[in-house]
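A short write-up of the structure that comes next.
What follows draws every value from the coordinates through simple rules; no lab data is involved. If you're wondering where the values come from, they're calculated on a predicted model, not measured in any experiment. Positions of Cβ are generated from backbone atoms using ideal geometry, with glycine treated the same way; all protein chains shown enter the neighbour counts.
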Amino acid sequence: MAVNSSSNPTLMASLAKLPVPDLHDTVARFAEAARPLFSADEFETCLAKLNDFVATQGPTLQARLHQRSAEHANWLEDWWNEYAYFLNRSSVCFNVNYFFGFRDTPQPMAQARLAAALIDSAV
């Protein structure tokens with residue numbers, strides 16, 4: 001059973017609220033990630049559309065996210081569960097929780113050592 005605010009309110013109350021990411025930081029990170037996907041002309045078009053978004057719809061949508069954050073313990077939880085988890089038609093084992101796809105290690109390992117072993121076995 002997944003841990004969520006309704007199944008374990010004591011644990012959830014002890015966690016910091018998920019912050020709403022800054023609009024300008026999000027747009028800058030998107031532009032950086034998108035740059036290799038476009039030609040120079042296409043990227044300029046992309047930047048123009050991003051700038052238009054920041055000047056028009058972005059502030060309204062950002063304000064709505066802040067309002068949602070004030071009204072919910074976790075502003076993203078419902079959307080994540082519904083759209084990223086439950087509607088995801090990919091294999092849950094490998095695309096959502098990798099522990100379903102791997103056998104337990106014969107002896108307990110520190111997290112860093114387990115990560116190194118997984119990377120070593122993959123390459």
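Can you give the FRET efficiency to the nearest 0.05 for A28 and A110, using r as the Cβ-Cβ distance and R₀ = 30 Å? Please list the in-between numbers first.
Working: r = 35 Å, r/R0 = 1.17.
FRET efficiency, A28 to A110: 0.30.
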Checklist line | Phi to ³J(HN,Hα) by Karplus 6.51 cos²θ - 1.76 cosθ + 1.60 over region 107-123, Hz, x for Gly, Pro | finding: 9, x, 10, 5, 4, 5, 5, 5, 4, 5, 5, 5, 5, 4, 6, 7, 9
Next item on the list: Enumerate the amide H contacts of L18 below 5 Å, restricted to partners 5 or more residues apart or on another chain; note that Pro and chain-start residues carry no placed amide H.
Entry: W75
